[in-house]
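Working notes, structure below.
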Amino acid sequence: MDVPPELLVPSEAYGRGFCPHDAALVLDGWLRRLAAQDARGRLVLGRLARAFLRRHGHHELGFGRLGDYSRERIGLSARELQSLATVSAHLERLPRLRAAFVEGVLSWAQIRLLAAVATPEDEAEWLSRAEGRTVRALAAVMRTPPDGDDDEARFRLRCPRRVRLLWQQVVELARRMAGTELTQSQAAEAIAAEGLSARLPCDESWPATEAPRTPPADPDETRTVFAELDWSAIREALPDDVDGLDADANTLDPFALDARMRAVLRAMRRVDWQLGRLLRVFLDRRLYRLMEFPSAERYVTERLGLSPRKARALIALERKTWQADAFGTAYRAGELSWVRALTLLPIVAEPTAAAWVERAGAVPVRRLADEVEWALTVRDGLAPIAPPPAGASLALEDRQLCTRPEWEFPDAEVAFSAPVSVVALFRTAILAFAAHSHASLIEGLELLLLYVKAEWEGQPRHRDPVFARDRWRCAVPVCTARRQLHDHHVVFRSRGGGNGRENRVTLCAWHHLRGVHAGRVRAEGEAPDGITWEIGVRPGRRALLRLVG
Ligand SMILES: [Zn+2]
Ligand SMILES: [Zn+2]
C-alpha cells in the first residue's frame, strides 16, 4: 500500500499543469492513509513496549536506564516509548475506543487524549463527545495540551567560535553539576538561574522579542470550522509487514521483544519518509488553506492526528534528503533510526553525508551525538565537516578558547530550542551581564558564561583522576549516567587485577553492581580507549551488542 511513485517527486516537480485543488485532494487522501498506517503501527509498538517495560527488559539487555536502551535500540525517547505503552494499556480495557481506533474512526491525536481519561463505564460517552469535535476542542475539554504543542521558542545568537566553545564547555559543566544528561535547553535554564542569582536583573528588553502564542481553545469547536471534507474512516491501515508482530507479546523474552520492536520500527520508517515527502509538498504549497485550515499545525493535528513537532521533523528530514544524497538513500532504506537521523540532521551536507551515515551505523548514539556536537563546535562557519577520525578524543582544549584575534567575526552561533520561559530567562541573564559592563549582547553572553564557569568550577568536588579521565560519565558506551559513579577494576582485584589507571574505569552504580558484577555486561582490555564491551550477555549466544571504546 505504498504511495504511487509519480506522487513521490520533489516539491519543485509539482510545476506545470499543477492544479492545486486536484493535488490537495489526492495528496490529502494519501497523507491520511499514511498517517493511519503510522497510528496503527504505534499501537503494535505500544503493546510490545508494554510487555518489555513490565519485565524491565532493558536491564536484562544490559542497559541501566530505559532512555539509553530506547535511544540506542529503538530510536525513540523513553518518554515516547512509555507513552505508547500507556496508551496500549488503557485501550486494553476500553474495547469501544479500541474498535473505533482500529476502524480508523479516531486518529492517534484523539485516541491519545481519550485513552487517558475514559473508563470502561464512560467510554461510550467520551466516544460520542469526540465525534465531530476538533482535537483542540477535545483537549480543551480535558485540559490536556495536545501532543507536542507546548510553547517552544528558539534562542539564536551569532557569535565568534570562541564564545561557542565556551558555551559548550559550560553546558558540559552544567551536566556534570547536575549529574545527568541535560539538554542544551535545561543547561541554559541552569546557566541563566546561576547568572541571575549573581546580579540584579536589568530592565533592558531583548531586541525583537517574539510574542508568546496563546491559542484560544473553544471546547465546543467542531470540524465544521473547516471546509466540507470527507472525514470517513480509513480502512486497511495496518502495514502488512507489521501485522502480527505483537502476537504473544507477553510470552516473549526481552531479546525477542527487542527484535520485534525493531522490526515494527523498520516498517514504520517506510511510512515516515513517504509521509515527509508528501507533507512537504502539501505544506510548501499551502494546500491546507484550500481546505480552510487556518494553519499547517491545525491541518496536521486535526486531519492527520500527528503532532506538529513530528511533522516539522519529518519535513526537515525530507529537505535534507535532497541536500545530501547518501543521507537520503540511507533514510529511505530505513537504515537510520529516528534518533540517529535527527542527530545527523544539523551536520550532514552533500560532501560529508556518506561518511556521517557510515559513522551512524558504526557507533552508539551516545558517541554519535558527541561527535556531532564536536563537529558543530569546531567547524569553520557553516562549512561541511567530516566526522572526526574513529575513536578520536573529542576534548576541547582550553587554549582553543584563549586565542583572541584582534578582529572577530561571528562565524558560529549558540542556538537551541526551549520553552518560551527558559528562552526569556536566558536572554534576561545575558542582558543583565551586558548592561552591567556596557557591552554588546555577544559580550554579555560571554561574561555570563565566564561567570557561571568560574562559579561552578570553584565548587568543591572530590578530585578523582579516573572519573576526570572518563569525563564524569559511566564508561559503558551506551550509558549516559553521571550520578553515583563507581571506580571499577577491569580485571577484578580478586583475580589479581592491578590498581593502575589502565585497569580502572568509571561505571555508574547500576552498570557496576547489576551490569558487570551480575554478568549482563562484560569488559575486557585497557582503559580508557582499549576496552571491549559486551552488553546484553546471554549464555550460549552472542551478546546483544559488542562495542570498543
Ligand atoms: Zn567492580
Ligand atoms: Zn552506566
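Laid out as a table, the results:
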{"item": "Residue match in the stretch 59-70 (condition: more than 16 Å from ligand 2 (Cβ to nearest atom), in a helix (DSSP H, G or I), modelled with pLDDT of 90 or more and not hydrophobic (A, V, I, L, M, F, W, C))", "result": "no"}
{"item": "Filter result (within 15 Å of ligand 2 (Cβ to nearest atom) and either in contact (Cβ under 8 Å) with a residue 40 or more places away in the chain or not in a strand (DSSP E or B) (or both)) within the stretch 513-522", "result": "L513, R514, G515, V516, H517, A518, R520, V521"}
{"item": "All positions within the stretch 197-253 that are loosely packed, with under 14 Cβ neighbours inside 10 Å, basic (K, R) and either modelled with pLDDT under 60 or over 31 Å from the mean Cα position of the chain (by Cα) (or both)", "result": "R213"}
{"item": "Residue in the stretch 106-148 that is surrounded by the fewest Cβ atoms within 10 Å (Cβ to Cβ), counting only those that are part of a loop (DSSP other than H, G, I, E, B) and modelled with pLDDT of 85 or more", "result": "E121"}
{"item": "Checking V476 against (1) open to solvent by 20 Å² or more (accessible area, probe 1.4 Å); (2) within 19 Å of A543 (Cβ to Cβ); (3) in a loop (DSSP other than H, G, I, E, B); (4) away from ligand 1 (no atom under 12 Å from the Cβ), the condition it does not meet", "result": "(1)"}
{"item": "Top-ranked residue in the stretch 51-83 [being free of Cβ contacts under 8 Å to residues at least 60 places away in the same chain, of a type in the set (A, V, I, L, M) and surrounded by fewer than 24 Cβ atoms within 10 Å (Cβ to Cβ); ranked as nearest to R522 (Cα to Cα)]", "result": "L66"}
{"item": "Which numbered condition I531 misses (of (1) touching an Asp or Glu at 6+ places or on another chain (Cβ under 9 Å); (2) away from ligand 2 (no atom under 15 Å from the Cβ))", "result": "(2)"}
{"item": "Options A247, A259: the member that is part of a loop (DSSP other than H, G, I, E, B) and out of contact with any Ser or Thr (no Cβ under 8 Å at 6 or more places or on another chain)", "result": "A247"}
{"item": "Flag if L34 is open to solvent by 20 Å² or more (accessible area, probe 1.4 Å), more than 16 Å from ligand 1 (Cβ to nearest atom) and aliphatic (A, V, I, L, M)", "result": "no"}
{"item": "So V491, is it open to solvent by less than 30 Å² (accessible area, probe 1.4 Å), at pLDDT below 95, more than 10 Å from ligand 2 (Cβ to nearest atom) and hydrophobic (A, V, I, L, M, F, W, C)", "result": "no"}
{"item": "Identity of the residue in the stretch 464-473, part of a helix (DSSP H, G or I) and open to solvent by 60 Å² or more (accessible area, probe 1.4 Å), that ends up nearest to ligand 2 (Cβ to nearest atom)", "result": "R469"}
{"item": "Leading residue by the ranking (modelled with the highest pLDDT) among those in the stretch 295-311 that are open to solvent by less than 10 Å² (accessible area, probe 1.4 Å) and more than 18 Å from E80 (Cβ to Cβ)", "result": "Y299"}
{"item": "Residues that are assigned to a loop (DSSP other than H, G, I, E, B) and either surrounded by 14 or more Cβ atoms within 10 Å (Cβ to Cβ) or among the small types (G, A, S) (or both), drawn from the stretch 439-463", "result": "A439, S440, G458"}
{"item": "Checklist (1) more than 20 Å from E80 (Cα to Cα); (2) surrounded by 15 or more Cβ atoms within 10 Å (Cβ to Cβ); (3) of a type in the set (D, E) applied to D272, failing item", "result": "(1)"}
{"item": "Subset of the stretch 485-515 that is under 35 Å from the mean Cα position of the chain (by Cα) and of a type in the set (V, I, T) - its residue that is nearest to A527 (Cα to Cα)", "result": "V505"}
{"item": "Selection count, the stretch 503-512, where residues are more than 15 Å from ligand 2 (Cβ to nearest atom) and polar (S, T, N, Q)", "result": "1"}
{"item": "Which numbered condition L314 fails, given (1) part of a helix (DSSP H, G or I); (2) open to solvent by 10 Å² or more (accessible area, probe 1.4 Å); (3) not polar (S, T, N, Q)", "result": "(2)"}
{"item": "Matching option when the condition is without any contact (Cβ under 8 Å) to a residue 12 or more places away in the chain, away from ligand 1 (no atom under 16 Å from the Cβ) and closer than 30 Å to G64 by Cα, among A439, A418, A468, A454", "result": "A468"}
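Residues are listed down the side, and each one gets a yes or a no for (1) part of a loop (DSSP other than H, G, I, E, B); (2) open to solvent by less than 10 Å² (accessible area, probe 1.4 Å); (3) in contact (Cβ under 8 Å) with a residue 24 or more places away in the chain:
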{"residue": "T321", "(1), (2), (3)": "no, yes, yes"}
{"residue": "L336", "(1), (2), (3)": "yes, yes, yes"}
{"residue": "L342", "(1), (2), (3)": "no, no, yes"}
{"residue": "I347", "(1), (2), (3)": "yes, yes, yes"}
{"residue": "E350", "(1), (2), (3)": "yes, no, yes"}
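The values are calculated or read from the model by the stated rules, or taken from the named source; none is laboratory data. Keep in mind that this is a model prediction, so the values were computed, not measured. Cβ coordinates were reconstructed from backbone atoms using ideal geometry, including for glycine residues, and neighbour counts include every protein chain displayed. Accessible surface is based on the protein model in full, side chains and every heavy atom, while ligands, DNA and RNA are left aside. Shrake-Rupley method; radii C 1.70, N 1.55, O 1.52, S 1.80 Å.
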